[in-house]
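Each reported figure results from applying straightforward, stated rules to the coordinates on display, with no laboratory input. Computed from a predicted structure; not experimentally measured. Every residue, glycine among them, receives a Cβ derived from its backbone with ideal geometry; neighbour counts consider all protein chains shown.
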Ligand code: SAH
């Protein structure tokens, strides 16, 4: 199987590159893509740069140019649910774009015609993740992830996203990757380890916990790879 593993920032894929050890580097449209063989699979690994546009470009390139058949995203996120502490893992059941707004035309937030307010993640991959978590003795949360081109460090914005989308965590790339994967018919899995609580301390917490949370997420994703047939 050809598996794409992507992050948004260098810190999110560094632990993955370290684990695979040897890889070939390709440069396309301002990004580096790393290919290698790992545990019966061909991997293509990349970080996209931050936000919905860059992540959509990278996801599409991994699928169209490299032929990826499954997409695994690994990274960090801000917590909305009070159940989520720093370092906790959450896998998205569905994703939405919290900053997409044509409500002036009577549409719900996060919706555009011929799109959908939510994109559903692949049930089989989530099920695999639950099994992997049980095997590792790790707690894995599941829930709604809201994506937007904003670093949220504001209790008011966070509460609005929570109420509007019943979201459990927020970040800046998941839903755009989901939209691309759904359009190109590739199963996807969006995993995040919490780096902050999207509140007044978010900037400080993010800087403190980016690296440690990115490692937690990357380690889990590599265990997932080992469980994919
Ligand atoms: N420190 C970086 C910017 C990080 S932006 C710099 O200065 O270059 C935040 C990144 O982490 C995004 O990729 C996003 O997906 C995720 N993230 C973590 N916490 C977040 C939050 N509170 N709001 C939005 N995105 C968050």
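In table form, for the structure just shown:
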{"item": "Number of the exception - residue 133 against (1) in contact with a strand residue (DSSP E or B) (Cβ under 8 Å, 6 or more places away or on another chain); (2) farther than 15 Å from residue 72 by Cβ; (3) more than 16 Å from the ligand (Cβ to nearest atom)", "result": "(2)"}
{"item": "Only one of 164, 142 that is within 15 Å of residue 80 (Cα to Cα), in contact with a helix residue (DSSP H, G or I) (Cβ under 7 Å, 6 or more places away or on another chain), surrounded by fewer than 19 Cβ atoms within 10 Å (Cβ to Cβ) and in contact (Cβ under 8 Å) with a residue 24 or more places away in the chain", "result": "142"}
{"item": "Positions within the stretch 88-109 being more than 15 Å from the chain's Cα centre (by Cα) and either more than 19 Å from residue 156 (Cα to Cα) or part of a strand (DSSP E or B) (or both), in sequence order", "result": "102, 103, 104, 105, 106, 107, 108"}
{"item": "Strands (runs of 3 or more DSSP E) wholly inside the stretch 21-82 containing at least 2 residues that are within 16 Å of the ligand (Cβ to nearest atom)", "result": "41-47, 70-79"}
